[in-house]
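**Student:** I have a structure I would like to understand better, so I am pasting it below and will then ask my questions one at a time.
The values are calculated or read from the model by the stated rules, or taken from the named source; none is laboratory data. Predicted model, so just to flag it, every value in this text is computed and none were measured. Using ideal geometry, Cβ is built from the backbone for each residue, glycine included, and neighbour counts are taken over all protein chains shown. All accessible areas refer to the heavy atoms of the entire protein, side chains included, with ligands and DNA or RNA removed. Shrake-Rupley method; radii C 1.70, N 1.55, O 1.52, S 1.80 Å.
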Amino acid sequence: MTHIDGSDQRGAKPRQTLSTLLYSKSFRTAVTQVVMAAVVIFIGLFLYQNVVENLRAQNIATGFGFLEQTSQFDIGEKMITYSARDSYGRAFVVGLLNTLSVSAAGIFLATLIGFTVGISRISSNWLLSKVATGYVEIVRNIPVILQVIFWSVLLRNLPNARNAVEVYGVGFLTNRGLTFAVPATHPIHSTMGIALVAGIVLAILGSIWARRHRESTGTYVNMLWPSIGLVIGLPVLAWLFGGAPTAISYPVQKGFNFQGGVTISPEFTALLIGIALYASGFIAEIVRAGLQATPKGQIEAARSMGFRPWFVTRYVVLPQALRVIVPPLTSQYVSLIKNSSIAVVVGYPDLVNIGNTVMNQTGQAVEAIAVMMLVYLTISLITSTFMNFYNRLVAIKER
Amino acid sequence: MSNIIAQTQSPSPSPSPSPSPSQRLDQGPMIKLRDVSKWYGHFQVLHDVSLDVRKGERVVICGPSGSGKSTLIRCINRLEEHQKGEIIVNGIEMTDNVKNIEKIRRNIGMVFQSFNLFPHLNVLDNLTIGPMLVRHMKKKDAEELAMQFLEKVRIPEQAQKYPLQLSGGQQQRVAIARSLCMQPEIMLFDEPTSALDPEMIKEVLDTMIELADSGMTMICVTHEMGFARTVADNVILMADGKTVESGTPEEFFGNPKNPRTRLFLEQILKH
Amino acid sequence: MTTQSQHAPKMATPLEPVMQFDPNAKVPFAKWVQKHLFTSLWQSLMTLVVAALLLRFAWFVLKWGVIDAVFYTPDPDVCRAAAGACWAVIVEKHRPMLFGLYPYDEHWRLVIMMVVYLSTIVASLMPKLWNFKILIPLWILSVTSIGILMFGGVLGLVYVPTSEWGGLPLTMILFSGTVLIGMPVAVVLALGRRSPMPVARGVSVVFIEALRGVPLITILFVAVNVFPLFLPAGVEVNKLLRITVGIAIFFACYQAEVIRGGLQAIPTGQYEAAASLNMSYWQTTRKIILPQALRISLPAITNHIIAAMKNTSFVIIIGLFDILTATTAVMQDPLWRRYYIEAYLFVAAVYLFFGYALSLYARQVEKWINSGRI
């Protein structure tokens, strides 16, 4: 509310008595707010004081100094070097990286399955869409934690290495995880990685050029196949230049374990499958809603104007679908990341699992939980910033 | 036309059906607006508007859209806050004093362009909710009162229906009855017929005319010039937040002083 | 104007192109199959592949789950010998799975409790009984009797502390506690976020966004490990209660956003009409705004209520013996642990059943709202 001229006009009134003040709406609003703020601050102070006193009484240290102390516990899975002699702080970093890696894999898998199922849901094939619907209803309505535990028990009950289940000659399923063959390490691999990134960048630049070209000359250049060619072709070229190494590291059974190849731990796998399948059900529904957001009439109109099907998809359906899909999809990704925090039930050392260990060892529950919460809050905040940015981008295009 | 509405709603002896204006309007002003101004940000919607409305007087305010006429009557029961000048109703000044706002609103009923009935309540509950919550009436008494007013607006048979099952005209009559259930002395109408299909306008205007004949003090923002001509004691034209012309229907329509009034009348009467 | 249009009488849908045949006649089955399954070569191929996979799966389920399955035996060796499912594990272990750590001899109390609980809920969901004169005594009666049954200690019943509660009754208590505590908190938070007062708005926004930004587990950790520190020395709050409140507040933050959406959908005319009738802020909110906002956001509210039911399973992490924890514990039994698939399928079925029942009911409520019945 703007109060131009209002206040001084009232101020000039001689009838500004106590009762008019008490019944004044703005006065009441102000008082209510001051009281509210006071109550919040008072509760905050009260709780803070209690915490401080309780901690002192129980002889528990406060502050984040413990992050520097030696942790004295080892972690099974780590992406950076870490040993029991490293600090609690480093243990948290190991946990965070594990959280991020299982989340990244989960997001990839959930998106893949979710889009497949979501597209199947609106298929004109009755049978396929019913099967997809059944899948969605089941994975969405069973608690994620039950799903994760189920996969974990299933994996743990797989045979041991001696009786490993062989998967089409490329890998083995055992109670120690999934072991599969990978190309033997070769120096050209890093070059291939760079080539892949370069391919993606060139493909993006190419499509920007194509759009400019179309806008200025009116000639349409289909960049779909050139883009695919760049993204796949450049790494392949790099591989050929490197002498086309074909050596593959096969897993070989040695005693109770395998040598060679790559092994994904059962903990990681169970958590990954559990959270990814759960999220895929929600993603499928988001994709379905997004694809149905484009009215049939528009597609028919575009077709009747002689646009090719690919062109219709690229310039009519996708832009509208993405506008509907991206915001809820992003928040699904965030909840997948948050769901990865149930890792502790299967023993995967994610941030919360390690935080839990730290909490039990040091007794500094407040600080340990604060670290966990802050990390997740940061992830959520970054996501919502991205989302606001995206929404603004879409909104500008709308006009 | 009859004065039936007045008999139930006005505790004071009801005025005779159609006394001459001088007889009806001999008391001092019931609503007094002095130099009322209001801004939306830097845009001034009302420029020092002054207006007197006496008991029983019927005022029609018209003007092009954006002229501030709706804002003006919404200031009278503080759906909008004015920032300068004074609004005095029944001797009580409208300030941000909650008690005063309550006292003033108790005497004012309001009818909106889009009816604003409560869609989750049926017609009868729409009418009784005010008396029960605000006047602490018993449910039975409130329902009796509501049925009386539904009969006045001639839709007692719709009492159990939900607002959106009714036609626009019926909804607006329910809205009028809902305001009357609070037994106000003043009724404000904010373009009550603008959202209606042409064939429904008449039924609402008839209800308003009956209400006027019963001696109700009324301020109507409307473009219904026929209504203004037959019912109004005072017709006002607003433009750009100012009162441009004010006078009896005879003066206003017969001999407007301001060229803007003439222009406005030409435009509106062309249709 | 969403609610308003919900009450509107149904518009006649424009007629389809004039039909040459009786519209009531059923489409011939062969035609239907052709239209939905075999429109093109690609479609037909897909249908065949999906059908083949589906049939294979169905056959597997039938063979494993019914033909080769063992339905009842107290002897795990019988199950070992069989090729199919061992449903006997559920028969054999249903009591520890359903009732957790609760003293074995007192399980009858939990059976009565569940009957009381479910009938109270079912009764409360019937619009016919939506009358405070019926519901309040009903709830007082059933909450008291559930309390007496669960705790005991009176009427000659053995006292059972909350640490020994478990299984499905615990899941039920956690779930209804979450909804009963969470919904009012959600409404307050939503109103706070929509308040014209900056302080109320600020507090609500920070609270909602902070809690929505962290996983439920961290809140459970707070409830278990940090909350006791908040209290003055000597004061203790029951762990079950702390956890219920934790889940409830987490639930409330999500629900608050849903309700806020409903509040935003209410046209300002509704506030103005209430103001012109001289109704106060709380009268307007209670009688005019909230009823409409809750109706508008009902579908989303139901989704979060179902999510709350699933979320009760998170208590396994902090060691409460809900149905999932109890089942996991039972599956440590070396004689029966091989049949974990059957046991977890049973638990999943319980969740699916209640989730499905809730969503069916919600659909029914939506129908009632649209037809103006409530």
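**Student:** Within region C:160-178, is there a residue that is over 28 Å from C:Leu358 (Cβ atoms), in contact with an Asp or Glu (Cβ under 9 Å, 6 or more places away or on another chain) and either modelled with pLDDT of 95 or more or away from chain A (no Cβ under 14 Å) (or both)?
**Tutor:** yes
**Student:** Right, another one. Residue check: is A:Leu67 part of a helix (DSSP H, G or I) and surrounded by 18 or more Cβ atoms within 10 Å (Cβ to Cβ)?
**Tutor:** Criteria met by A:Leu67.
**Student:** Which of the residues that make up region B:40-58 are assigned to a loop (DSSP other than H, G, I, E, B) and surrounded by fewer than 16 Cβ atoms within 10 Å (Cβ to Cβ)?
**Tutor:** Just the residues of region B:40-58 that are assigned to a loop (DSSP other than H, G, I, E, B), to begin with: B:41-42, B:55-57.
Answer for region B:40-58, where residues must be assigned to a loop (DSSP other than H, G, I, E, B) and surrounded by fewer than 16 Cβ atoms within 10 Å (Cβ to Cβ): B:Gly41, B:His42.
**Student:** Inside region A:279-309, can you point out the residues that are touching a Leu at 6+ places or on another chain (Cβ under 8 Å) and of a type outside the set (Val, Ile, Thr)?
**Tutor:** A:Ala279, A:Ser280, A:Gly290
**Student:** Which one is farthest from A:Leu351 (Cα to Cα) among residues in region A:376-392 that are surrounded by fewer than 19 Cβ atoms within 10 Å (Cβ to Cβ) and in contact (Cβ under 8 Å) with a residue 40 or more places away in the chain?
**Tutor:** Top of the filtered list is A:Asn391.
**Student:** Let me ask you something else. Given the conditions (1) under 24 Å from C:Ile318 (Cβ atoms); (2) in a loop (DSSP other than H, G, I, E, B); (3) free of Cβ contacts under 8 Å to residues at least 40 places away in the same chain, and given that C:Val154 satisfies all but one, which numbered condition is not satisfied?
**Tutor:** Against the list (1) under 24 Å from C:Ile318 (Cβ atoms); (2) in a loop (DSSP other than H, G, I, E, B); (3) free of Cβ contacts under 8 Å to residues at least 40 places away in the same chain, C:Val154 comes up short only on (1).
**Student:** Could you say which residue among C:Val245, C:Val199, C:Val222, C:Val205 is part of a helix (DSSP H, G or I), within 18 Å of A:Tyr48 (Cα to Cα) and open to solvent by 10 Å² or more (accessible area, probe 1.4 Å)?
**Tutor:** Details: C:Val245 fails: within 18 Å of A:Tyr48 (Cα to Cα); C:Val199 fails: within 18 Å of A:Tyr48 (Cα to Cα); C:Val205 fails: within 18 Å of A:Tyr48 (Cα to Cα).
The match here is C:Val222.
Conditions tested, residue by residue: (1) open to solvent by 10 Å² or more (accessible area, probe 1.4 Å); (2) more than 7 Å from chain C (Cβ to nearest Cβ).
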residue: B:Val98; (1), (2): yes, yes
residue: B:Arg105; (1), (2): yes, no
residue: B:Met110; (1), (2): no, no
residue: B:His120; (1), (2): yes, no
residue: B:Val123; (1), (2): no, yes
residue: B:Ile129; (1), (2): yes, no
residue: B:Val134; (1), (2): yes, no
residue: B:Lys140; (1), (2): yes, yes
residue: B:Ala146; (1), (2): no, yes
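**Student:** Sticking with this structure for a sec: Of all residues in region C:268-278, how many are surrounded by 18 or more Cβ atoms within 10 Å (Cβ to Cβ) and either more than 10 Å from chain B (Cβ to nearest Cβ) or not small (Gly, Ala, Ser) (or both)?
**Tutor:** Going through region C:268-278 one residue at a time, the tally reaches 5.
**Student:** Continuing with the same structure: Tell me the residue from B:Lys99, B:Lys139 that is modelled with pLDDT under 90 and farther than 17 Å from B:Ala175 by Cβ, please.
**Tutor:** Values: B:Lys139 fails: modelled with pLDDT under 90.
Result: B:Lys99 is the single residue among B:Lys99, B:Lys139 that is modelled with pLDDT under 90 and farther than 17 Å from B:Ala175 by Cβ.
**Student:** Determine which member of the set A:Gly261, A:Gly233, A:Gly290 is closer than 30 Å to A:Ile325 by Cα, within 31 Å of the chain's Cα centre (by Cα) and open to solvent by less than 30 Å² (accessible area, probe 1.4 Å).
**Tutor:** Unique residue meeting the criteria: A:Gly290.
**Student:** Please specify each residue of region C:151-178 satisfying the condition of being closer than 24 Å to C:Phe250 by Cβ and surrounded by fewer than 20 Cβ atoms within 10 Å (Cβ to Cβ).
**Tutor:** Result: C:Thr162, C:Ser163, C:Ser176, C:Gly177.
**Student:** A further question on this structure: Condition first: open to solvent by less than 80 Å² (accessible area, probe 1.4 Å) and under 28 Å from the mean Cα position of the chain (by Cα). Can you find one or more residues in region C:52-72 that meet it?
**Tutor:** Looking through region C:52-72, at least one residue is open to solvent by less than 80 Å² (accessible area, probe 1.4 Å) and under 28 Å from the mean Cα position of the chain (by Cα).
**Student:** With the structure loaded, tell me whether C:Ser313 is touching a strand residue (DSSP E or B) at 6+ places or on another chain (Cβ under 9 Å) and either assigned by the TED database to the domain that holds C:Val185 or of a type in the set (Ser, Thr, Tyr) (or both) or whether it fails that test.
**Tutor:** Taking the combined requirement at face value, the residue satisfies it.
**Student:** Can you find even one residue in region A:201-214 that is within 28 Å of C:Leu358 (Cβ to Cβ), within 28 Å of the chain's Cα centre (by Cα) and either not aliphatic (A, V, I, L, M) or not in a helix (DSSP H, G or I) (or both)?
**Tutor:** no
**Student:** Mind counting the residues in region B:69-79 that are at pLDDT 90 or above, more than 10 Å from chain A (Cβ to nearest Cβ) and part of a loop (DSSP other than H, G, I, E, B)? Let's see the steps before the verdict.
**Tutor:** Within region B:69-79, the first condition is being at pLDDT 90 or above, and the residues that meet it are B:69-76, B:78-79.
Next, from what is left, pick out any that are more than 10 Å from chain A (Cβ to nearest Cβ): B:69-76, B:79.
If we keep only those that are part of a loop (DSSP other than H, G, I, E, B) as well, we get B:79.
Final tally of qualifying residues: 1.
**Student:** What is the one condition in (1) in contact with a Cys (Cβ under 7 Å, 6 or more places away or on another chain); (2) in a loop (DSSP other than H, G, I, E, B); (3) aliphatic (A, V, I, L, M) that B:Leu121 does not satisfy?
**Tutor:** The one condition B:Leu121 does not meet is (1).
**Student:** Among the strands (runs of 3 or more DSSP E) contained in region A:106-185, which hold 1 or more residues that are under 27 Å from C:Ala52 (Cβ atoms) and open to solvent by 60 Å² or more (accessible area, probe 1.4 Å)?
**Tutor:** A:165-167
**Student:** Report the residue count in region C:279-295 for those that are open to solvent by less than 20 Å² (accessible area, probe 1.4 Å) and facing another protein chain (nearest Cβ under 7 Å).
**Tutor:** 3
Residues checked against (1) modelled with pLDDT under 80; (2) in contact with a strand residue (DSSP E or B) (Cβ under 9 Å, 6 or more places away or on another chain); (3) farther than 30 Å from A:Pro159 by Cβ:
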residue	(1), (2), (3)
A:Trp225	no, no, yes
A:Leu230	no, no, yes
A:Leu240	no, no, yes
A:Ile248	yes, yes, no
A:Val252	yes, yes, no
A:Ile264	no, yes, no
A:Phe268	no, yes, no
A:Ala276	no, no, no
A:Ala279	no, no, no
